[in-house]
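Only one structure is covered here, and it is reproduced in the block below.
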């Protein structure tokens, strides 16, 4: 088993500096975060409050009609402990306007609508609060494509996107995220009984070990099998990484001219500022 432990003090310093830099370089001083009661959004909120000050962070709780009370309560624990500003905006009316038109809609489609409804709320509040939307997706989710495009994956910047789920837990404990949040089964809380690991079909602890070899250590799938990972498990994870690549890049543009954005027009993002 690979040791995925991180230097939590150094990680906190680097990420806090990143949050402050990304916010101020865009001309802002505030941030907006959707706080679900889960560990990822909790950690992003703790880090943003550390970097910008609690008064400059708006935590938004966005329950759906099937959301658990625990999720709301755990989100409130984060709000209370970080001292951030907060608001609660139910998304039922937004999401159901579309969901109710399709009685046979799958749970996955319903979940995507909920995720995108929440992003509508966050970007609306970002205008009023004059703050940038902060991402809450970890490295494991991003690599596996376990997110909704233009939903929970949408943000101005992502402070925890280079932390595997197991590292998110480690840093969360170091920063004082409440144990009840750190220890509970990860869930998007999209429907009763839903859990991340139940949907994925494997645990974060197992897949983090494999992803570390595939991505950070550049192992081939065959070498991962030699390390003791089940061949079918490796094939499943590799396929997920490959099939979700489109979620990790800007939309490709068909090249017609001599100066195509993303191909030839490759100035630094702060070009002209």
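Laid out as a table, the results:
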{"item": "Computed lengthening from residue 225 to residue 88, 0.36 nm per intervening residue step minus Cα-Cα distance", "result": "44.6 nm"}
{"item": "Protection proxy ranking of 15-23, 134-142, 36-44 - average other beta-carbon atoms within 10 Å, highest first", "result": "36-44, 134-142, 15-23"}
{"item": "The chain: relative contact order in percent, alpha carbon pairs under 8 Å with at least 6 residues between", "result": "19 percent"}
{"item": "Computed P(r) (all Cα pairs; the range 59-165; 5 Å bins; percent)", "result": "2, 11, 18, 22, 24, 15, 6, 2, 0"}
{"item": "Interatomic Cα distance distribution for the chain, bins of 5 angstrom, percent", "result": "1, 5, 12, 15, 17, 17, 14, 10, 6, 2, 0, 0"}
{"item": "Stretch gain in nm, segment residue 197-residue 249, where the contour uses 0.36 nm per residue and the Cα spacing is subtracted", "result": "16.2 nm"}
{"item": "Simple spin-label estimate for residue 102 and residue 205 in nanometres, 7 Å along Cα-Cβ", "result": "3.7 nm"}
{"item": "Interatomic Cα distance distribution for the range 32-99, bins of 10 angstrom, percent", "result": "23, 50, 22, 5"}
{"item": "Pairwise label distance in nanometres, residue 65 with residue 239, each label 7 Å out on the Cα-Cβ vector", "result": "3.6 nm"}
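Quick note: the coordinates plus some simple rules give every number you see, no bench work behind them. Not measured: the values here are computed from a predicted model. All Cβ positions, glycine included, derive from the backbone under ideal geometry; neighbour counts span all protein chains shown.
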